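K.L.:
One structure is given below, represented as structure tokens, and several questions about it will come after.
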Amino acid sequence: MRAIDYQAPTSLSEAVSIMAANGDRARPLAGGTDVLVQLRGGRREADVVMDTKKIPELNTLNLGDNGLQLGAAVPCYRIYQDSAVAAAYPGLIDAAGMIGSIQIQGRATVGGNLCNAAPSGDTIPPVITLGGEAHINGPNGWRTLPAENFCTGPGRNALENGELLVAIQLPAPAANSGTAYLRFIPRNEMDIAVAGVSSTVQLDASGQTIQSARIALASVGPTPILATAAGDSLAGKAVSDEAIAEAGRLASEAATPITDMRGTIRQRHHLVDVLTRRTLNIAIRRARGEE
Amino acid sequence: MPGLVHVTTTINGNQTDFLCEPRQSLLECLRDVVGMTGSKEGCNDGNCGACTVNMDGRIVCSCLVLGVEAQGAEVNTIEGVASADGLHPIQQSFLENAALQCGICTPGFIVATKALLEAEPDADEARIRHWLAGNLCRCTGYDKIVRAVLDAGERMRAG
Ligand SMILES: Cc1cc2nc3c(=O)[nH]c(=O)nc-3n(C[C@H](O)[C@H](O)[C@H](O)COP(=O)(O)OP(=O)(O)OC[C@H]3O[C@@H](n4cnc5c(N)ncnc54)[C@H](O)[C@@H]3O)c2cc1C
Ligand code: FES
Ligand code: FES
């Protein structure tokens with residue numbers, strides 16, 4: 001890695017001035033599990049590496065009436081070790097407990113996963129289906145973006161020069177709702193998704209009818225994909241194998257995969273269908289309080 | 001041109017000061033600056049776990065931590081596992097169960113195992129395999145390592 005300057009600001013305003021002063025020569029460092037590998041491999045360059053872990057707003061993990069405020073520098077282990085957060089957002093935990101290894105989860109953040117904008121980022125689909133919003137601060141103040149609009153291409157995100165992701169806000173889970181994330185990899189751990197699917201459903205009080213659903217896909221397009229038609233097809237339907245099968249088919253249609261060393265187009269379409277049905281079934285059981 | 005940075009950290013309970021370039025990893029700092037070569041470099045990109053150290057109570061890949069990030073941190077490495085009285089029960093059971101051949105992966109496995117068994121001395125095989133999935137071994141085929149960890153858990157429960 002070429003020489004860098006290291007800065008560890010302790011306030012958001014200090015961080016934003018460092019970002020503004022250095023433009024695209026500054027790189028935020030959260031867990032570093034992407035950025036250090038990229039800097040070392042020459043895939044990214046920076047003069048200033050700015051550690052975000054000492055900024056209070058980025059270190060907040062706060063579960064309240066408005067949902068979860070998940071600071072962009074909070075590592076995965078803190079999320080799944082917090083039993084109240086784990087109970088409220090099991091679909092997020094599916095993904096946060098899946099990234100890399102225990103060592104990686106000790107450092108890697110959901111914020112870094114989102115900013116890195118890999119199509120395969122495992123926490124991005126559940127953040128999208130849960131209705132997550134990116135809270136962004138920069139030289140022009142605050143703005144908010146729905147998570148599904150945050151990634152703009154492989155490795156590219158919607159942040160403007162000098163802007164920082166401060167936190168991801170997840171709304172409080174609705175009554176009778178549930179979320180699940182699954183990915184397919186050829187091993188048990190330590191691999192990148194060939195395909196991944198997150199499903200969030202909200203049932204009526206009887207637990208028999210789906211009021212609304214959101215389905216999002218990983219590793220089957222240049223960015224994570226919100227499969228709107230697939231989710232909408234379930235609204236107002238009774239829970240049934242047929243309705244779930246139709247959603248699986250529509251999700252598979254929303255995928256725009258490529259063939260690469262991990263899998264083929266055909267296999268990925270098939271995986272999206274299967275993973276959509278499986279995650280819907282888990283999300284429904286969770287919504288009913290059955291698991 | 002950024003110069004050297006002075007880092008004050010605690011390594012295996014001892015306050016340690018070192019100078020490093022901001023681009024240097026904690027692994028490089030431990031091995032090349034502080035002279036503690038117990039932590040190994042396998043891949044230098046987070047995949048093999050040979051560089052595993054415990055930082056503020058969590059195991060991490062020291063190749064994916066900057067040395068400057070260790071400022072004010074508590075770092076525990078393989079060098080701190082044995083005591084003046086002799087080997088740690090985990091080290092003893094790795095030896096007795098032949099859980100190493102070339103030994104390059106062993107420091108990482110032992111530091112990772114220690115963090116697991118201190119929190120969960122009754123971890124079962126599935127838990128152990130999951131916990132150690134970030135540690136690669138090209139020699140043993142893992143079975144002997146898993147048996148050694150199960151055995152070490154028993155020893156630690158017995159006190
Ligand atoms: C061995 C290994 C296994 C892995 N396995 C998986 C896996 O199974 N699934 C998966 O999805 N990923 C995996 N990854 C990739 C990586 O761990 C994740 O993407 C992780 O969530 C990144 O988080 P981080 O905090 O380490 O990000 P960092 O590396 O710190 O940052 C990632 C990117 O986001 C930018 N950034 C960070 N914070 C901010 C901010 N607040 N504002 C603006 N930009 C910011 C950085 O500059 C950088 O470009 C793996 C990586 C390794 C090394
Ligand atoms: S050397 Fe750090 S994980 Fe391989
Ligand atoms: S003993 Fe050689 S790599 Fe594990």
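K.L.:
Between the helical axis of A:12-22 and the dominant principal axis of chain A, each derived from Cα atoms, what acute angle in degrees is found, rounded to the nearest 10?
P.N.:
70
K.L.:
Take the residue pairs A:K53/B:K40; A:K53/B:K114; B:K114/B:K144 and return only those whose Cα atoms are more than 24 Å apart.
P.N.:
Among A:K53/B:K40; A:K53/B:K114; B:K114/B:K144, the Cα-Cα distance tops 24 Å for A:K53/B:K40; A:K53/B:K114.
K.L.:
Per-residue accessible area for A:R187 at 1.4 Å probe radius, Å² rounded to 10?
P.N.:
Result for A:R187: roughly 120 Å² accessible.
K.L.:
Using a 10 Å cut-off around each Cβ of peptide B:43-53, what is the average number of partner chain Cβ atoms that fall inside?
P.N.:
That average works out to 4.
K.L.:
Taking only Cα atoms, what is the 0 to 90° angle, nearest 10, from helix B:143-158's long axis to the longest principal axis of chain B?
P.N.:
90
K.L.:
Would you calculate, for the protein assembly as shown, the mean residue ellipticity at 222 nm contributed by helices, counting each DSSP H stretch of 4 or more residues as -39,500 (n - 2.57) and dividing by all residues, to the nearest 500?
P.N.:
Result for the protein assembly as shown: -9000 deg cm²/dmol, rounded to the nearest 500.
K.L.:
Taking the Cβ of B:P121 as the centre, find all other residues whose Cβ is under 10 Å away and add up their charges (Lys, Arg: +1; Asp, Glu: -1).
P.N.:
-2
K.L.:
Sticking with this structure for a sec: For the protein assembly as shown, with only Lys/Arg (+1) and Asp/Glu (-1) charged at the beta-carbon, what is the dipole magnitude about the Cα centre, in debye rounded to 20?
P.N.:
760
K.L.:
Can you tell me the 0 to 90 degree angle between the C-alpha axis of helix B:106-119 and the longest principal axis of chain B, rounded to 10?
P.N.:
Taking the Cα atoms of chain B, the angle to B:106-119 is about 70 degrees.
K.L.:
Can you compute the modelled spin-label distance between A:R143 and A:A175, with each label point 7 Å from Cα toward Cβ, in nm?
P.N.:
The two pseudo-label positions are separated by 3.8 nm.
K.L.:
How crowded by other chains is B:58-70, given as the mean number of beta carbons from other chains within 10 Å of each beta carbon?
P.N.:
Mean number of neighbouring Cβ atoms from other chains: 6.
K.L.:
In addition: Determine the shape class of chain A: with a ≥ b ≥ c the square roots of the Cα gyration tensor eigenvalues, call it rounded for a/c under 1.5, and otherwise prolate if a/b is greater than b/c, oblate otherwise.
P.N.:
In terms of gyration-tensor shape, prolate.
K.L.:
Also: Taking the Cα centre of chain B as the origin, how large is its charge dipole in debye, to the nearest 20, when only Lys and Arg (+1) and Asp and Glu (-1) carry charge on their Cβ atoms?
P.N.:
Its charge dipole is roughly 300 debye.
K.L.:
For B:L4, tell me the accessible area in Å² from a 1.4 Å probe, rounded to the nearest 10.
P.N.:
Solvent-accessible area, nearest 10 Å²: 110 Å².
K.L.:
Set the Förster distance to 51 Å, then compute FRET efficiency between B:E154 and B:E41 from the Cβ-Cβ distance, nearest 0.05.
P.N.:
Using R0 = 51 Å, I get an efficiency of 0.95.
K.L.:
Another question, then. Peptides A:63-76, A:215-228: what's the order by average Cβ count within 10 Å, highest mean first?
P.N.:
Peptide ranking by packing, descending: A:215-228, A:63-76.
K.L.:
Would you list which aspartates and glutamates come within 16 Å of A:K237, measuring only between C-alpha atoms, while excluding same-chain residues fewer than 8 positions from it?
P.N.:
A:D204, A:E246
K.L.:
Who wins for biggest fluctuation among B:G13, B:G103, B:G38 in a Gaussian network model of chain B, springs between alpha carbons below 10 Å?
P.N.:
Comparing B:G13, B:G103, B:G38 in the GNM, the peak value goes to B:G13.
K.L.:
Sticking with this one: Hey, got the average number of other protein chain Cβ atoms within 10 angstrom for residues in A:32-40?
P.N.:
5
K.L.:
For A:W142, B:W131, what's the largest-to-smallest order of accessible area, 1.4 Å probe?
P.N.:
A:W142, B:W131
K.L.:
May I ask for the net charge around A:A26, where only other residues with Cβ less than 15 Å from the Cβ of A:A26 are counted and Lys, Arg are +1 while Asp, Glu are -1?
P.N.:
It works out to a net charge of -3.
K.L.:
Let me ask something else about it. Stretch A:Q267-A:E290 to full length: gain in nm at 0.36 nm per residue minus the Cα-Cα span?
P.N.:
Gain on stretching A:Q267 to A:E290: 5.2 nm.
K.L.:
Suppose a student asked you for the relative contact order of chain B, using Cα pairs under 8 Å spaced at least 6 residues apart; what percent would you report?
P.N.:
Relative contact order, chain B: 23 percent.
The values are calculated or read from the model by the stated rules, or taken from the named source; none is laboratory data. What you see is a predicted model; the values in this text were computed from it and never measured. Positions of Cβ are generated from backbone atoms using ideal geometry, with glycine treated the same way; all protein chains shown enter the neighbour counts. With ligands, DNA and RNA removed, areas are computed over all heavy atoms of the protein, side chains included. Shrake-Rupley method; radii C 1.70, N 1.55, O 1.52, S 1.80 Å.
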